[in-house]
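Let me begin by presenting the structure, written as structure tokens, before commenting on it.
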Amino acid sequence: MADITLSSAVRSNLNALQATSALMSSVQEKLATGKKVNSALDNPNSFFTAKGLENRANDLSTLLDDMGQSVQTLKAADEGISAISDLVDAAKAKANQAQQTSSQTERAQFALEYNELLTQIEDLAKDAGYKGKNLLGGTGNDLSVTFNEDGTSSLSISAVDYTDTSLSTGLNLSDLATATDGTATLTLSTTATSGSTLDGNYGFTAGDTITLTDANGTEVGSLTIDTTTTAADLEALYDGIDGVSASLATGTLTVTSEFRLTTSSSAATPADFTTNGTDSGFATDTAIESTLSSLKSAQDALRAQASTFGTNLSIVENRQDFTNALINTLEEGAGQLTLADTNEEGANLLALQTQQSLASTSLSLAAQADQNVLRLF
């Protein structure tokens, strides 16, 4: 204060004590924050350089989070491909089962199961997304991963469409035709009964042969007419075939079949005839071989796509590791510019505390010297 006069000794010690207090405050701030540069006032060059490094580290940290989500999207797609591959193997097993049986009824059932597997493949592909992005979902699902803060380094990952197995750009697997029941009629005579003999009647003579074949050309039944063969025997010929039935009424034999059944006869009449149903997609060996070939191509496509996604995943994970390391480097560099040496600052504080104690004692002694004047009065 201007109105108070201090002796030179007191003022000198007071200034020293104030300076020591200011230094102690500064050291205590460094110890409290762990930084030797807390504002631009402490060291403008170090402060702004460190701030730039920290800002870049923060930007990269945000990108690192995005990379992590991209990794999860790729993993979801890879898991989807693995599951689809298993379903394709199951479809291949159905085709092989169909190939190993001559029963058209069983082949028709295998075709239905095959189609169900394709439906499951499509449903699985639709469910392979992560946070709204599905790399197996086709258009609109391409993934872009950014690796640096200005966007000049990135990776584009193209989606494939497995939600429709029939697409030629995808798995190129189409649903098989399903079998439908068909009928055909053979008119013997309005007076024919089950016990009526065929020899010499209705165009048949002893020695004639009736042969039944399926769409694959495989013989599924035959009957040789002799003198005792009756209409009931002909009816039993059809009834004895899996998926085929026959009934005789008012002289007409009606044949119902779950597949296209062809009847050939060596007799002049009746003429050959075929039931009007449709065959399954596994009706012929040729069709099964074609399906197996398509399944192999689909499996090859799945493996190639899995390899592509695997490469993309490796790239993103490597960039993750690099970005993590770079963030650590930036933060370490910023720390070198701003972080305090706590050991050194602790030693400084201890020295300042000692200095403050000495300054206080010196100030007290100086004040006592001024008080000695009072003793003269």
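Key figures
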quantity: Pairs where the first residue, in the range 46-63, is more than 17 Å from Ala325 (Cα to Cα) and touching a residue at least 40 places away in the same chain (Cβ under 8 Å) and the second is exposed (fewer than 15 other Cβ atoms within 10 Å of the Cβ) and not aromatic (Phe, Trp, Tyr), C-beta under 6 Å, 6+ apart; calculated: Phe47/Ala40
quantity: Sole residue being of a type in the set (D, E, K, R), at pLDDT 85 or above and outside any loop (DSSP other than H, G, I, E, B), chosen from Lys51, Lys94; calculated: Lys94
quantity: Any hit, the range 254-261, residues being hydroxyl-bearing (Ser, Thr, Tyr) and touching a Lys or Arg at 6+ places or on another chain (Cβ under 9 Å); calculated: no
quantity: Lone qualifier among Asp285, Asp239, Asp226 - being open to solvent by 50 Å² or more (accessible area, probe 1.4 Å) and free of Cβ contacts under 8 Å to residues at least 24 places away in the same chain; calculated: Asp239
quantity: Candidate set: the range 197-212, residues that are buried (at least 18 other Cβ atoms within 10 Å of the Cβ) and among the hydroxyl-bearing types (Ser, Thr, Tyr); chosen: the one modelled with the lowest pLDDT; calculated: Tyr202
quantity: Top-ranked residue in the range 133-146 [being within 13 Å of the chain's Cα centre (by Cα) and among the small types (Gly, Ala, Ser); ranked as surrounded by the fewest Cβ atoms within 10 Å (Cβ to Cβ)]; calculated: Gly138
quantity: The lone exception for Glu149 - which of (1) modelled with pLDDT of 95 or more; (2) open to solvent by 80 Å² or more (accessible area, probe 1.4 Å); (3) not polar (S, T, N, Q) it fails; calculated: (1)
quantity: Evaluation of Tyr130 against (1) modelled with pLDDT of 90 or more; (2) open to solvent by less than 20 Å² (accessible area, probe 1.4 Å); (3) among the aromatic types (Phe, Trp, Tyr) (one fails), failing number; calculated: (2)
quantity: From Ala215, Ala179, residue being within 30 Å of Thr291 (Cβ to Cβ), at pLDDT below 90 and either open to solvent by less than 60 Å² (accessible area, probe 1.4 Å) or β-branched (Val, Ile, Thr) (or both); calculated: Ala215
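The values are calculated or read from the model by the stated rules, or taken from the named source; none is laboratory data. Since we're looking at a predicted model, the values are computed, not measured. Here Cβ is always computed from backbone atoms with ideal geometry, including for glycine, and neighbour counts include all displayed protein chains. Areas reflect the complete protein model, heavy atoms only, side chains present, ligands, DNA and RNA absent. Shrake-Rupley method; radii C 1.70, N 1.55, O 1.52, S 1.80 Å.
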